[in-house]
Each structure stands twice: as C-alpha cells, then as structure tokens.
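J.: Sharing a structure here in structure tokens format.
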Amino acid sequence: MYDQYDALIFDMDGTILDTEPTHRKAWHQVLARYGMTLDEARIIEFNGAPTWRLAQFIIEQNQATHDPHLLAAEKTAAVKAMLLENVHPLPLMEVVKAYHGRRPMAVGTGSEHSMADALLTQLGVRHLFTAIVGADDVTRHKPEPDTFLRCAQLMGVAPERCVVFEDADFGLQAAKAAGMDVVDVRLL
C-alpha cells in the first residue's frame with residue numbers, strides 16, 4: 001500500500017505504541033505532589049509536542065511557578081518506570097513489520113530519544129527502525145518540520161519520498177511542512 005514511498009516515518013506515542021494512558025497516569029502522579037491538576041480535555045492539543053511544552057501549559061493553568069523543564073523531567077522519570085512494564089504495540093506495528101527490510105523506517109517522536117529507544121527495545125522492535133529522532137534531537141519541535149526532516153536525512157531519503165504516520169495535529173502539520181505525505185492514523 002505504501003510501496004510508492006522510499007521511506008516510512010512513524011510517530012511513536014499513540015501511533016505505533018499505546019502509551020497515552022500511562023503518560024496521563026504519570027502526569028497525575030507528579031502533579032499530585034505539588035497540588036496541581038491536569039485538564040484531560042486540553043492535553044490532547046499537546047500530543048506530539050515535547051513534554052516541557054505541556055508542563056508549561058499545566059503550570060500556567062495551575063498558576064504555579066515551577067520550572068517547566070524540571071517538571072517535565074519528573075514526569076519523564078515517572079513514565080519511564082511505568083511504561084517499561086505496561087507498553088503495548090498498536091495495530092500499525094504490522095505495517096512496520098511488513099516493510100522491514102523493504103524500506104528504511106524511522107521514528108520521529110515528541111518523546112525523548114532515550115525513552116523511544118528504551119520502549120522500542122523493550123518490545124523487541126528497535127531493530128526494525130533505521131533511525132530514531134526524539135524531542136531532544138532537534139531544536140524546533142512539531143508542528144515545525146525538523147523532527148521529520150532529520151529522520152529523512154538519517155535515512156538518506158529525500159523528504160518528498162517519505163510518508164509519515166501520525167495521530168496528532170502537531171505531527172500532521174510538521175509532516176506537511178516537511179513536504180512529506182502524511183497518514184492520519186486516527187482515520188484508519
């Protein structure tokens with residue numbers, strides 16, 4: 001189905017791995033320490049964005065004065081411990097397996113590189129990907145195109161020859177800005 005492309009790029013959280021419930025649980029755990037709350041309806045807007053951006057939003061919503069990078073680091077530490085025990089692949093992982101060895105593939109995620117590497121390794125699928133680009137690998141994050149452009153560069157494929165699989169508006173915008181075709185997995 002995707003044979004016309006020279007490379008495939010996948011978002012991770014909510015696209016190939018079912019991590020969203022664990023991310024929410026980790027946020028609740030960390031925020032409870034500071035008496036802060038999480039607006040579940042609004043956090044969906046931040047899917048695909050780096051953790052510190054959501055932390056900044058949460059701090060503003062709670063009228064707190066925490067450092068968003070430190071709060072994000074606490075959340076990342078909490079989610080790492082939880083995810084390594086609870087992560088499961090989503091159905092799109094079958095596309096990854098079908099194209100392994102036929103096309104280079106990369107993960108372009110708003111999660112940290114080490115988190116993506118650990119999760120994919122834990123599930124025994126890290127070897128399926130030529131490259132991983134995490135939030136800490138680029139300066140400008142989704143909806144900017146840098147994550148996906150870096151994936152294409154690491155795979156040695158022109159951006160316009162790539163297709164991106166995404167589940168978030170920021171990611172869809174980033175893929176389009178990179179000049180790549182994009183599949184909104186929410187519509188599959």
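J.: Would you mind stating whether LEU84 is open to solvent by 20 Å² or more (accessible area, probe 1.4 Å), aliphatic (A, V, I, L, M) and modelled with pLDDT under 95? Explain how you work it out, then say what you get.
T.: Working: open to solvent by 20 Å² or more (accessible area, probe 1.4 Å): yes; aliphatic (A, V, I, L, M): yes; modelled with pLDDT under 95: yes.
So LEU84 fits the description; yes.
J.: Follow-up. Take the conditions at pLDDT 95 or above, touching a Ser or Thr at 6+ places or on another chain (Cβ under 6 Å) and at negative phi and apply them to MET155. Does it pass? Talk me through it step by step, then tell me what you get.
T.: Details: at pLDDT 95 or above: yes; touching a Ser or Thr at 6+ places or on another chain (Cβ under 6 Å): yes; at negative phi: yes.
Answer is yes for this residue.
J.: Considering only residues that are in a loop (DSSP other than H, G, I, E, B) and within 30 Å of VAL163 (Cβ to Cβ), look in the stretch 11-35 and name the one that is most open to solvent (accessible area, probe 1.4 Å). So that I can check it myself, show each step before the final result.
T.: If we filter the stretch 11-35 for residues that are in a loop (DSSP other than H, G, I, E, B), which is where we start, we get 11-12, 14-16, 18-19, 33-35.
Checking which are within 30 Å of VAL163 (Cβ to Cβ) leaves us with 11-12, 14-16, 18-19.
On the way: ASP11: 5, MET12: 0, GLY14: 22, THR15: 4, ILE16: 0, ASP18: 63, THR19: 0 Å².
So the residue we want is ASP18.
J.: When the residues of the stretch 87-129 are narrowed to those that are among the hydroxyl-bearing types (Ser, Thr, Tyr) and free of Cβ contacts under 8 Å to residues at least 40 places away in the same chain, which ends up least open to solvent (accessible area, probe 1.4 Å)?
T.: Initially, the stretch 87-129 is screened for residues among the hydroxyl-bearing types (Ser, Thr, Tyr), giving 99, 109, 111, 114, 121.
Subset that is free of Cβ contacts under 8 Å to residues at least 40 places away in the same chain: 114, 121.
On the way: SER114: 56, THR121: 80 Å².
In this case the residue turns out to be SER114.
J.: So GLU94 ticks every box in (1) assigned to a helix (DSSP H, G or I); (2) under 22 Å from GLY156 (Cβ atoms) but one. Which box is left unticked?
T.: It fails just one condition, (2).
J.: Please determine whether any residue of the stretch 151-167 is within 24 Å of HIS69 (Cα to Cα) and out of contact with any Phe, Trp or Tyr (no Cβ under 9 Å at 6 or more places or on another chain). Full working, then the answer.
T.: The initial filter retains those residues of the stretch 151-167 that are within 24 Å of HIS69 (Cα to Cα), namely none.
So far as the stretch 151-167 goes, no, none of its residues is within 24 Å of HIS69 (Cα to Cα) and out of contact with any Phe, Trp or Tyr (no Cβ under 9 Å at 6 or more places or on another chain).
J.: Scan the stretch 135-149 for residues that are over 19 Å from MET105 (Cα atoms) and β-branched (Val, Ile, Thr) and jot them down.
T.: Of everything in the stretch 135-149, just one residue is over 19 Å from MET105 (Cα atoms) and β-branched (Val, Ile, Thr), namely THR139.
J.: Can you tell which of LEU70, LEU54, LEU8, LEU38 is out of contact with any Asp or Glu (no Cβ under 6 Å at 6 or more places or on another chain), of a type outside the set (Val, Ile, Thr) and part of a strand (DSSP E or B)?
T.: Details: LEU70 fails: part of a strand (DSSP E or B); LEU54 fails: part of a strand (DSSP E or B); LEU38 fails: part of a strand (DSSP E or B).
That would be LEU8, the only listed residue that is out of contact with any Asp or Glu (no Cβ under 6 Å at 6 or more places or on another chain), of a type outside the set (Val, Ile, Thr) and part of a strand (DSSP E or B).
The values are calculated or read from the model by the stated rules, or taken from the named source; none is laboratory data. This is a predicted model, so every value here is computed, not measured. All Cβ positions, even for glycine, are placed from backbone atoms using ideal geometry, and neighbour counts span all protein chains on display. These area figures cover heavy atoms from the full protein model, side chains too; ligands, DNA and RNA do not enter into them. Shrake-Rupley method; radii C 1.70, N 1.55, O 1.52, S 1.80 Å.
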